[in-house]
Each structure stands twice: as structure tokens, then as C-alpha cells.
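Trainee: Submitted below is the structure of interest, expressed as C-alpha cells.
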Amino acid sequence: MSFGRWFFILLIIAVRVIFGHRAVAQNADYPASVPCEQRPHVLDQPWIPAGLACLEEAVNEPSMGSWGFTSLAVSDDGTLYALNAMRGEVYTFDDTDGDALPDAPRMLVDTLRQPTGLAHHDGVLYILDGATLYRWFDDDLEVVRDDLPFHVGLMNGGLIVTDEGFIVGIGASANPDDPDNGTLIEFLTPNDSFSTRADNLGQPFDIALIEDVVWGIDPEHDRLFSETGTQIGFTVDSYPTGTAYYDSNVFPALENKLLVVLSGSNDRIHLTGYSVVTVDVNTGEIAALMPARPIPGSPESEFSNEEMNLRGSGFFPYHPWDVAVTPQGWVYISVGGGRILALRPHANN
């Protein structure tokens, strides 16, 4: 047999092997059947508590800049959406390597002013952009309403959409007599007049619903608040920017906790924030999620949050921005520089 014929046969075999392995990877039962150390984008930093989850990098797009993906939302089928507030863009993501994680951003909208809120409900993506609430459905962007209270120079924040209607966080203005200062407004349908659900909230930048009670973060005052009046403070200049309620049992340590992103200080000698924490809203207890000492008390990891960040075991020099929980109980965390990290369970034994 000639060399050319052998080469052709070997080439066919190689192609079949390569694409065969690719098909296996794409159809593998991720993550249940794949050990953490065998996943293609596993990370060992930022540090997380030992045994909690498998930390993986889902998206790495440096071209997105230091703001990266500033808000996240997940649909009922697990599709991830993100926006870049500075560029006025909204993205969804494709899984190009078959590991069941989104990795390739695909732009949906690039004509917005400064969007800050995302929510997905009943097959529709809703986008909050200043005084305007949009919906993205069937490859079309529509205005839901464009008369929301809005103060120039400030960004409206959180957005909740349920079967019962819409809840929007309205930032405070410099005018103390403004009736919409730091409020939560709600309306049932796009044509309804809105009512005030809670006020005197400062800057309700992101909000979450826990058993029909709205909880939110206020970066202006470095605190977590509820519409019933509860307040839980963070270290000064922690600057919370994102929150999500973890209502899954996939990670028992996170169950029924609020996940809060502390984006971090910009001009302090000592770093504050640059972390993701859990908050027990019943007790007020705050615990580190990322970065966190893998084994508390171990000399190898007994560092403060500032030390972990400065030694490369945290988020610094990039700011974390937002957090989202998927229907499968996975956690996505967006980080400046165009990164999105994922916490997923270890393989089943």
C-alpha cells in the first residue's frame, strides 16, 4: 500500500478519534460524571471554602474592559444573560466546548443608554435602563414603559419580575424633597400607575425577593436592607453591587442565604470589599464565600481578606460585580475584565 493511501487512512482515523472525543465531551453528563480536576477550566483561585464546590471559569473576554459584565440574569432553562452598563450592551452566551457552561458571548442589544437591571421571567428578558423598562423577546426589543422615576447622574438599580408584576429600585437624588428618593416602586402591568412599596432606602442598587419580602443592597451606605426595615451593615467602602437569593440545596452551606457581591474600594490605602459573602437574613451573620480561607486555622491559608486579595488569592485588582443562581443550583459570579466564574458541584461518587 502506498504511503499516500496510508496517510489518508490515518488521517481519517485521526479525525474520527478527535471528533469522537469531542462528541463525548459535548454529551457528557456535566458536572455529575466529571471530576473537578478533569474539567477544562477548573480554577484554584480565588479561594473558596474547602469541599464547597468546584470553581470553574466560564467566560474570559478581556475585551469587555474593567467593568466587564455588570449584571447577570438566568432563565428557567439555565440560559445566562449579562449586560455591560458602560457600553449599553446585553449578551447571552453559547457553550462552544460542551462542558455545559456558557463561554462565548453573543450580543443581543447594543443601543441602550446605561442599563443596570436584568430579570428573566416566563420566557422574556427584561432590561432596566434609566427611566425605561424594555423587554427582549423573539429577537425583538420592545419598550414596556418609559416613565419610571429617574434622576440624572444616578442609575436606577434592582429589578424583580414575577407573575404579580414588577418591582424597581429607584436611586436617591440630591434633592431631599424628591418624592421618589431611594424608593422601591411596583406596578402590576405596564399600563398601571406605580405605587411606592418602600422608601428612605438610599441607593437600592440590586434587589432580591425572599418569601415575598424585598431585600436589597445600598452601595451608598454599605448596607443590606429589607423593605420591612431590617438593616445589616458591611465594612465602610465595601460597595455592594449585586445580590441573589440561594434557594437550592445543591450547596447546603449556601442554602437560604443571600449572596452579596462587595465590589470593593477604589481609593483607600487598605482594601475593603473585593469579595462575595453570604448573609443569613434571620441572624444577620455574614460569612466569606470568595475569597475564603480554604481551611480555617491552617497556617497555609490563615490570611485576612486584604492579604488574600493582595497575594493573588482573591479578585483584586478587578472588582467583582454581580451574582446569579441557576435553576440547577449553580452560582455565576461576574468579575471585571470580562470574566464570569462558576461554582458547580463535584462529581457524584
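The values are calculated or read from the model by the stated rules, or taken from the named source; none is laboratory data. Here the structure is a predicted model, which is why all the values come from computation and not from measurement. All Cβ positions, even for glycine, are placed from backbone atoms using ideal geometry, and neighbour counts span all protein chains on display.
Trainee: State whether one or more residues within the stretch 324-346 are closer than 27 Å to VAL90 by Cα and over 17 Å from the mean Cα position of the chain (by Cα).
Mentor: no
Trainee: Residue check: is TYR332 within 15 Å of ILE48 (Cα to Cα), buried (at least 24 other Cβ atoms within 10 Å of the Cβ) and touching a Pro at 6+ places or on another chain (Cβ under 8 Å)?
Mentor: So TYR332 does not fit the description; no.
Trainee: Determine the pairs where a residue that is closer than 21 Å to GLY216 by Cα and modelled with pLDDT of 85 or more, located within the stretch 144-164, has a partner that is surrounded by fewer than 20 Cβ atoms within 10 Å (Cβ to Cβ) and hydroxyl-bearing (Ser, Thr, Tyr) with Cβ atoms under 8 Å apart, the partner being 6 or more residues away or on another chain.
Mentor: LEU148/THR132
Trainee: Might you check whether a residue that is among the β-branched types (Val, Ile, Thr), closer than 29 Å to PRO105 by Cβ, touching a Gly at 6+ places or on another chain (Cβ under 7 Å) and surrounded by 13 or more Cβ atoms within 10 Å (Cβ to Cβ) occurs anywhere in the stretch 269-279? Before the answer, list the steps.
Mentor: In the first step, residues of the stretch 269-279 are kept if they are among the β-branched types (Val, Ile, Thr); the result is 269, 272, 276-279.
Of the ones still in play, those that are also closer than 29 Å to PRO105 by Cβ are 276-278.
With the extra rule that they be touching a Gly at 6+ places or on another chain (Cβ under 7 Å), the set shrinks to none.
Within the stretch 269-279, none of the residues are among the β-branched types (Val, Ile, Thr), closer than 29 Å to PRO105 by Cβ, touching a Gly at 6+ places or on another chain (Cβ under 7 Å) and surrounded by 13 or more Cβ atoms within 10 Å (Cβ to Cβ).
Trainee: Strands (runs of 3 or more DSSP E) wholly in the stretch 166-256 with at least 1 residues that are farther than 29 Å from ALA292 by Cβ and not hydroxyl-bearing (Ser, Thr, Tyr) - which ones?
Mentor: It comes to 183-187, 195-198.
Trainee: Among the residues of the stretch 115-142, count how many are loosely packed, with under 15 Cβ neighbours inside 10 Å and either basic (Lys, Arg) or touching a residue at least 40 places away in the same chain (Cβ under 8 Å) (or both).
Mentor: Going through the stretch 115-142 one residue at a time, the tally reaches 2.
Trainee: Shifting gears a bit: Before we move on, is SER265 more than 12 Å from HIS319 (Cα to Cα) and hydroxyl-bearing (Ser, Thr, Tyr)?
Mentor: Judged against the criteria, SER265 is not a match.
Trainee: Additional query: Given the conditions (1) touching a residue at least 40 places away in the same chain (Cβ under 8 Å); (2) within 18 Å of the chain's Cα centre (by Cα); (3) under 16 Å from ARG339 (Cβ atoms), and given that ASN84 satisfies all but one, which numbered condition is not satisfied?
Mentor: Tallying (1) touching a residue at least 40 places away in the same chain (Cβ under 8 Å); (2) within 18 Å of the chain's Cα centre (by Cα); (3) under 16 Å from ARG339 (Cβ atoms), ASN84 fails exactly one: (1).
Trainee: With the condition being under 28 Å from PHE303 (Cβ atoms) and modelled with pLDDT of 95 or more, I'd like the strands (runs of 3 or more DSSP E) fully within the stretch 11-128 carrying at least 2 qualifying residues.
Mentor: On the way: elements: 54-60, 71-74, 80-84, 89-94, 104-109, 117-121.
Output list reads 54-60.
Trainee: Same structure, new question: Return only the number of the condition from (1) surrounded by 16 or more Cβ atoms within 10 Å (Cβ to Cβ); (2) over 19 Å from the mean Cα position of the chain (by Cα); (3) within 22 Å of ASP212 (Cα to Cα); (4) not aromatic (Phe, Trp, Tyr) that ASP237 does not satisfy.
Mentor: Answer for ASP237: the failing condition is (3).
Conditions tested, residue by residue: (1) part of a strand (DSSP E or B); (2) charged (D, E, K, R); (3) in contact (Cβ under 8 Å) with a residue 40 or more places away in the chain.
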{"position": "ALA292", "(1), (2), (3)": "no, no, yes"}
{"position": "ILE295", "(1), (2), (3)": "no, no, yes"}
{"position": "SER298", "(1), (2), (3)": "no, no, no"}
{"position": "SER301", "(1), (2), (3)": "no, no, yes"}
{"position": "GLU307", "(1), (2), (3)": "no, yes, no"}
{"position": "GLY314", "(1), (2), (3)": "no, no, yes"}
{"position": "TYR318", "(1), (2), (3)": "no, no, yes"}
{"position": "GLY337", "(1), (2), (3)": "no, no, yes"}
{"position": "LEU341", "(1), (2), (3)": "yes, no, yes"}
